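Presented below is the structure to which this report refers.
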Amino acid sequence: MGRVSEPAAATDRAELLAFIVAQQASPATATAYLGEDAAGVEAELEGLDQAWLDTARVTRTDSALTGAALVEWDAEVGRAWVHGPWASAEHFEAVAEPLLRAVAAQCPASIAEFEFSSDLANTHLAALGERLGWRATAINHAYEIAADEVTHWPTVAGIRPATDADLAALASLHEPEFPEAYATTAQLLERHTTVVAERDGRVVGYASGQTQDDDAAYVDYMTVDATHRGQGLARGLVGALARLLVVPGRTPKLHLTVEDSRRPAIALYESLGMRRAFSLRGYRGSLG
C-alpha cells in the first residue's frame, strides 16, 4: 500500500474531488458532514474553515488514488471534524488510520478531541472508531423537507431574533441541553441565525440554524425550557427560524438531525411534514 502523502492542489484537485464525490454517493462509504451530489459536495468543501486542499491527505497504489481524508477544526471549541477517511472496502483497513493520523497532525495543539460521523451503513468507519477506543455518540436521524413546503409552518407570538442581550439566557438553555455542542453560546449569535421565545419578559426557548454552503438551510439546535413545553413554542421557534433561513428560489431544502432519544422532537418534525432521510452515528476521541 502506498504511503500517505499530500496531494498537489493545482494538479490533483479534479481527481480528488471526483474520488470524494464517488465515495459520498454511497451511504456505505460517505461521511455525514458533506452532501452526496457533486455540486453540493464541492460547495461544502469550499466552505470549510480551513482550505480543504491544504488539509487533504491521500494514499496511492500504482499511481491510483485509493484513499483520502481531510480535516476542519475550531480552536474555540477545541474539536476537529475529520472528513473521511474514504477508501474502498479492499483498502480501508490498511489506509484509514494512517490517513486519520496524517490529517490530525495538522491541527493546533489546542485540539483535544477528534470526531467523524457517518450513516449506520458505513460499518468500516464504525469499526475504525471502535478500534481506536473512541466513544460512540447517540444515533441521530436526519430529517429534511423541500424549502417551499415550510411556508405553512406556524407563527407563534412572542418569538423574535436573538440579540447580544440574550447571551446569558441562551447559555442557560444551550449549555445544559447540548453539553458537547459544536457551537458555543457566543457562536449562536456570531455565526448562526437564532430566534428566541419570550414569555413574561423571560427567554424560555430558542432555535438556531444557518445557511450552508450548498444553500440548504440547517437547524442546528432547538430547545424549550421544561416549564414551558407543550405550549406550541417549539413549533413556533422552528417555523420562525425556517422563515429567516429559507430564501425563495435559492434554498433547496431545510434539514436537521435529531437524537433518537428525543421522541417529542421527532414527533414535532414529522408532524411538520419532514421525512427521515437517513440515520447516523459519530465517534469522538483523542489520538495518542
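List every residue pair whose Cβ atoms sit under 7 Å apart, with the two residues 6 or more apart in sequence or on different chains, where the first one lies in the stretch 152-170 and is within 18 Å of TYR221 (Cα to Cα) and at pLDDT 95 or above and the second, anywhere, is open to solvent by 40 Å² or more (accessible area, probe 1.4 Å) and outside any helix (DSSP H, G or I).
Once the first residue is within 18 Å of TYR221 (Cα to Cα) and at pLDDT 95 or above and sits in the stretch 152-170, its partners that are open to solvent by 40 Å² or more (accessible area, probe 1.4 Å) and outside any helix (DSSP H, G or I) give ARG160/GLU198.
Within the set of pairs 6+ apart or on separate chains, which have a first residue in the stretch 125-142 that is over 28 Å from ALA265 (Cα atoms), a second that is part of a helix (DSSP H, G or I) and open to solvent by less than 30 Å² (accessible area, probe 1.4 Å), and C-beta atoms under 7 Å apart?
The qualifying pairs are LEU128/ALA96.
Could you tell me whether LEU173 is open to solvent by less than 60 Å² (accessible area, probe 1.4 Å), in contact with a strand residue (DSSP E or B) (Cβ under 6 Å, 6 or more places away or on another chain), touching a residue at least 12 places away in the same chain (Cβ under 8 Å) and among the aliphatic types (A, V, I, L, M)? Please lay out each step first, then the result.
On the way: open to solvent by less than 60 Å² (accessible area, probe 1.4 Å): yes; in contact with a strand residue (DSSP E or B) (Cβ under 6 Å, 6 or more places away or on another chain): yes; touching a residue at least 12 places away in the same chain (Cβ under 8 Å): yes; among the aliphatic types (A, V, I, L, M): yes.
So LEU173 fits the description; yes.
Taking only the stretch 199-209 into account, find how many residues are buried (at least 18 other Cβ atoms within 10 Å of the Cβ) and farther than 17 Å from ALA146 by Cβ. Outline the logic, then answer.
Of all residues in the stretch 199-209, those buried (at least 18 other Cβ atoms within 10 Å of the Cβ) come to 203-209.
Still in the running and farther than 17 Å from ALA146 by Cβ: 203-208.
Going through the stretch 199-209 one residue at a time, the tally reaches 6.
Contact list please: Cβ distance under 6 Å, first residue in the stretch 222-239 and at positive phi and crowded, with 18+ Cβ neighbours inside 10 Å, second residue of a type in the set (Val, Ile, Thr) and modelled with pLDDT of 95 or more, pairs at least six apart or on different chains.
From the stretch 222-239, no pairs qualify.
Scan the stretch 33-56 and report the pairs whose first residue is under 16 Å from CYS107 (Cβ atoms) and whose second residue is among the charged types (D, E, K, R) and open to solvent by 20 Å² or more (accessible area, probe 1.4 Å), with Cβ atoms within less than 7 Å and a gap of 6+ or a chain change.
Hits for this filter: LEU48/GLU72; ASP49/GLU72; GLN50/GLU72.
Here is a yes/no grid of residues against (1) touching a His at 6+ places or on another chain (Cβ under 7 Å); (2) closer than 20 Å to LEU34 by Cα:
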site: ASP62; (1), (2): no, no
site: GLU76; (1), (2): no, no
site: ALA80; (1), (2): no, yes
site: ARG131; (1), (2): no, no
site: ALA142; (1), (2): yes, yes
site: GLU149; (1), (2): no, no
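The values are calculated or read from the model by the stated rules, or taken from the named source; none is laboratory data. Quick caveat, the model's predicted, so the values are computed rather than measured. A quick note on method: Cβ atoms are made from the backbone with ideal geometry, for glycine too, and the neighbour counts reach across all protein chains shown. Note: accessible area is taken over every heavy atom of the protein model, side chains too, but ligands, DNA and RNA are not part of it. Shrake-Rupley method; radii C 1.70, N 1.55, O 1.52, S 1.80 Å.
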